[in-house]
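The numbers here are math on the coordinates, done by the rules we state, and not lab data. Predicted, not measured: the structure shown is a model, and the values here were computed from it. Note that each Cβ is placed from the backbone with ideal geometry, even for glycine, and that neighbours are counted across all protein chains shown.
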Amino acid sequence: MTDLTASPANAAAPRPSSLLTLDARTKRRNAAEARFRMMGAIAVAIAVLALVGLLVSILGNGLSSFRQTHVTLEVFLDPAKLDKAGDRDPAKIAKVTTFGYAPLIQAAMQTAIEKAGATTEGVNAKQAAGLISDEAAATLRRFVMAHPERIGETLSFPMLANGRVDGYFKGRVTMESAALDRNISPEQLQLADKLRAAGVIEMKFNWGLFTAPDASDTRPEAAGLGVAILGSAYMMLIVLVLALPIGVAASIYLEEFAPKNRWTDLIEVNISNLAAVPSIVFGILGLAVFINFVGLPQSAPIVGGLVLTLMTLPTIIIATRAALKAVPPSIRDAALGVGASKMQSIMHHVLPLAAPGILTGTIIGLAQALGETAPLLLIGMVAFVREYPGAPPEGFFDPASALPVQVYNWTQRGDPAFIERASGAIIVLLIFLMAMNIIAIILRRRFERRW
Amino acid sequence: MNMYDSPEREAKLDQKATKISARNVQVYYGETHALKDVSVDIQDKTVTAFIGPSGCGKSTFLRCINRMNDTIDSCRVEGTILLEGEDIYDRRVDPVQLRAKVGMVFQKPNPFPKSIYDNVAYGPRIHGLARNKAELDDIVERALRRGAIWNEVKDRLQSPGTGLSGGQQQRLCIARAVATEPEVLLMDEPCSALDPIATAQVEELIDELRQDYSVVIVTHSMQQAARVSQKTAFFHLGNLVEFGDTDQIFTRPQDSRTESYITGRIG
Ligand SMILES: Nc1ncnc2c1ncn2[C@@H]1O[C@H](COP(=O)(O)OP(=O)(O)OP(=O)(O)O)[C@@H](O)[C@H]1O
Ligand SMILES: [Mg+2]
């Protein structure tokens, strides 16, 4: 017998001879596996639940910001009010402030109410015009400044409704809350209901959310992400243009050329540590170096871009080095064996093979940078900016905002309408991130298909 | 300089010129002394076989000849290796230039993850061997024919080289190596992944290459060494035990270790 070599478990319970019955050992092993699978499934379920909860809350709060209440009015551009001299001189037209436009809107509102046959008990002309955003006068003025020849005509303008009216149609404002609100009365809301029935007030897609600049605390309906999107795009451009080549070059040097000694070990440790440095530290660095020392302007995408580049570099370097390491050495040998130089073997063979990994690292780094808020607060990107930055490269030095900073900014404001906007901005941010990931996947597929 | 100082075979050395002359080559991997005091002359227009048990340093010595060992950080080479009288470890020698003259086929097939055509065309391209596409096409076809793989791949030159079978990949690597027209071709067990038919084709190719080049082949097959080579070197535990005409090594080995190995008693 060979029982001498049998394991203790076997000695205790002799192996059943049939394959159809499980022995104790196998049963225990299977139970352990089942438990492990169960735990894995639970972990995934928790993660999915958290994600769904997050999405539901953000979408629930934010989706409504993609629709906005508009009032369409026939406005008579009264020459008597806008251009008293009648010579269409832009300098004189510019003298009329937005207050000068308010009567035009008031008159247009009255005409619209009459046309709709709505009764207006308890609402005077000024209050009726109060259904419209203060921003409308400014918009109207911009139009007239751009087209002075249209003065004297009656034109149809879609105007933003007041934030409270918008909130009423979205369910945020009720008759009860309006009764306590100095800015709106229940009578005004009743008028709004009638105008909506008549088609004067309607909900439209909110293009302004994407194109308009930020607006003051009292005009949530006019606030948009235009400046923030532009600022974020500029910064991403700067990060991509700086961090990708520098990161890849540094990785290639460290991985392929640098001698392995104490210095390179030190550099390696430092890079790994940099990746773990809290982002706000980079903000302090940016403030000290780029703004106070170099003298770059505050709130400018160039400073934000540089700070985010510093933050993204370690991520890109670590990912690139991992990708380079993963290229089998036999490929390098093959290239060197046919007489390629080290540089040729890297450029022609190693780098293309590492490209998918480098790309993934870069996109992850960019996505991190896109969502980064803390360092940008420190370099002044939280400032209230209504002017669009210019075209690059000069525009890199103009003040701008950034998407995550705008979200933070809006959540700090009093009017609940801004909370809705902030959620909308988060959705926009998520869409950008998703788009970046999709681009990464597509690029990766393309690179991989070539081999 | 004295190129004919191989101690044992001095009398038998014929008119063929010495291509590579190694003297007192020592190789260390860190602390490991992998190759001990190897001196050997490799002739032009000759096939030289390296045989010996696994781990005895055949590949190590082969990689010394085209300085592939430079890529291993821990590896240190001492002694001199002359290629046509010039020291290849001289500081002025650029290993890239050397490797264009001394081609190599590796133990494991390692095609580039590119098309079959690009695999073969890569060497000629970087060395500027072709002036136009037609010439390059010619070079590629000739190389693939010499690698005994043309008939199998001629209809799918643009499909990836990594999609071929192991044996086909190795022949592709041979084609890639000959495409750059090296003067010396180092082959590290080129047939270990090949079936007998492909092996025969490669052996035929080696015999053909002998007309113009010096070929060094590492093999674990005694029959193969006997079939293709004119000279054989037997390595054991980092030492070059015996070097001489293939006939002599296989019929009248002078060292007892050689005899034991070729008769299958050590390995
Ligand atoms: N990169 C390396 N680092 C450290 N030691 C190595 C390295 N390459 C080879 N060696 C050692 O050098 C010795 C010779 O190895 P080599 O690859 O030359 O053997 P070989 O004769 O080609 O064997 P095989 O027939 O199995 O290919 C072995 O003991 C091996 O462990
Ligand atoms: Mg070997």
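The table that follows gives values for the structure above.
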| quantity | calculated |
| --- | --- |
| Extended-chain gain in nm, criterion 0.36 nm per residue less alpha-carbon gap, A:ALA322 and A:SER341 | 4.6 nm |
| Region B:126-158: trypsin sites (Lys or Arg not before Pro) in DSSP coil with no more than 12 other Cβ atoms inside 10 Å | B:ARG131, B:LYS154 |
| FRET efficiency for B:GLU78 and B:ASP44, using Cβ-Cβ distance with R0 set to 35 Å, rounded to 0.05 | 0.85 |
| With at most 12 neighbouring Cβ atoms within 10 Å, loop GluC sites (Glu not before Pro) (DSSP) excluded, longest segment of chain B | B:32-267 |
| Computed label-point distance, nm, for sites A:ASN261 and A:PHE76 using a 7 Å Cα→Cβ extension | 8.8 |
| The protein assembly as shown: calculated mean residue ellipticity at 222 nm from DSSP helix runs of at least 4, using -39500 (n - 2.57) | -16000 deg cm²/dmol |
| Trypsin sites (Lys or Arg not before Pro) within region A:308-410: DSSP coil, no more than 14 neighbouring Cβ in 10 Å | A:ARG386 |
| Theoretical gain in end-to-end length, B:SER54 to B:ASN239 [0.36 nm per residue, Cα-Cα removed] | 65.3 nm |
| Range in chain A, longest, excluding exposed GluC sites (Glu not before Pro) [loop by DSSP; at most 13 other beta-carbon atoms within 10 Å] | A:154-386 |
| Estimated inter-spin distance, A:GLU121 and A:THR174, nm [label 7 Å along Cα→Cβ] | 2.4 |
| Computed over region A:226-447: relative contact order in percent, which uses C-alpha pairs under 8 Å that are six or more apart | 30 |
| Residue (of A:THR26, A:VAL200, A:VAL350) at the positive-pole extreme of the protein assembly as shown, dipole from beta-carbon charges | A:THR26 |
| Exposure proxy order (Cβ contacts within 10 Å, fewest to most) of A:VAL200, B:VAL216 | A:VAL200, B:VAL216 |
| Percent of Cα-Cα distances greater than 22 Å, calculated over region A:51-127 | 52 |
| Derived scalar couplings ³J(HN,Hα) [region A:302-312; Karplus, 6.51 cos²θ - 1.76 cosθ + 1.60; whole Hz; x for Gly, Pro] | 4, 5, x, x, 5, 4, 5, 4, 4, 6, 7 |
| Separation in nanometres of the label points that stand 7 Å from Cα toward Cβ, at A:PHE205 and A:GLN298 | 3.9 |
| Per-residue Cβ neighbour rank within 10 angstrom, fewest leading, B:TRP150, A:TRP207 | A:TRP207, B:TRP150 |
| Counting all C-alpha pairs of region A:63-206, share separated by more than 24 Å (%) | 33 |
| Förster-model FRET efficiency, 60 Å R0, B:LYS154 and A:ASP23, C-beta, rounded to 0.05 | 0.55 |
| Cα-derived Rg over Rh, computed across region A:226-447 with Rh taken as Kirkwood radius | 1.05 |
| Footprinting exposure proxy for A:PHE36, B:PHE250, A:PHE66 (fewest neighbouring C-beta atoms within 10 Å first) | A:PHE36, A:PHE66, B:PHE250 |
| Additional length obtainable on full extension of the chain from A:GLU149 to A:THR98, 0.36 nm per residue less Cα span | 16.5 nm |
| Label-zone membership for region B:42-72, site B:ASP87, 7 angstrom Cα→C-beta point, backbone N under 19 Å | B:42, B:64-70 |
| Peptide A:339-346 - average C-beta neighbours from other chains (10 Å radius) | 5 |
